[in-house]
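Encoded as structure tokens, the structure appears first; notes follow it.
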Amino acid sequence: PKPAAAAQEEEEEEQDPTKYFENRLTFVNGVKEKGANPYPHKFQTSMQLPDYVAKYESIGSGEMSADGGVGLAGRIATKRAGGKGLVFFDVVGDGAKVQVFASADKFSDYAGLEKDEKAARFSALMSTLKRGDIVGVRGTPGKTKRGELSLFPTDMLLL
């Protein structure tokens, strides 16, 4: 059995377009009511997705690059839960795809927080990111143990 949050998220992904629009409008209005900007003005990228793939595709499986703070932006094509405090995104743009391997333990904003508080904030952030959204991601390039080129983020932002 799937956790309730994962089941609800899958259900939201399968809704008809009018219901999807209503849900997103409710989300955006909720963010505005809290005094936050749902769509920030800028996110500084350091390279385009095709350049990222070309530069880092030679990294070995399970290895990380020494480069930190690489900034990418793209559209979320898929989102998968990978366990507690772990979410995978496929971000696409300019004909390229990069996996984003988001772990609550790696986010710089959550450094020094208690484990439960860290998990709650990470979960709240991940619940705001949906398939089709444009995101800015900053982190460290690497490959998973299975050999998939990924970005291990320290920061993610809905754009």
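Points worth noting:
- Estimated from the Cβ-Cβ distance and a Förster radius of 35 angstrom, the FRET efficiency linking Asp94 and Ser127 is about 0.80.
- For the chain, the longest principal axis of the Cα atoms and the long axis of helix 4-13 meet at an angle of about 90 degrees.
- Net length gained if the chain between Ala120 and Leu86 were fully extended (0.36 nm per residue, minus Cα distance): 11.0 nm
- Alpha carbon convex hull of the stretch 14-96, volume per residue in cubic angstrom: 173 Å³
- Top of Met126, Met47, Met64 by mean-square fluctuation, Gaussian network on the chain, Cα under 10 Å: Met47
- Separation in nanometres of the label points that stand 7 Å from Cα toward Cβ, at Glu33 and Phe21: 2.2 nm
- Scanning the chain for trypsin sites (Lys or Arg not before Pro) lying in DSSP loops with no more than 15 further Cβ atoms inside 10 Å, the longest uninterrupted stretch between such sites is 85-130.
- Charge dipole (debye, nearest 20) of the chain; +1 at Cβ of Lys and Arg, -1 at Cβ of Asp and Glu: 180 debye
- As a ratio to 2.2 N^0.38 Å, the alpha-carbon radius of gyration computed for the stretch 95-142 takes the value 1.27.
- Taking 7 Å steps out from each Cα toward its Cβ at Glu63 and Gln48 produces label points 2.7 nm apart.
- Of Lys84/Lys106; Lys19/Lys118; Lys55/Lys115; Lys84/Lys145; Lys42/Lys145; Lys34/Lys97, those spanning more than 24 Å from alpha-carbon to alpha-carbon: Lys19/Lys118; Lys55/Lys115; Lys42/Lys145; Lys34/Lys97
- For the chain, the convex hull drawn through the C-alpha positions has a volume of 134 cubic angstrom per residue.
Here, each number is a calculation from the coordinates, and none is a lab measurement. Computed from a predicted model, the values in this text were never measured in an experiment. Positions of Cβ are backbone-derived with ideal geometry, glycine not excepted, and every protein chain shown enters the neighbour counts.
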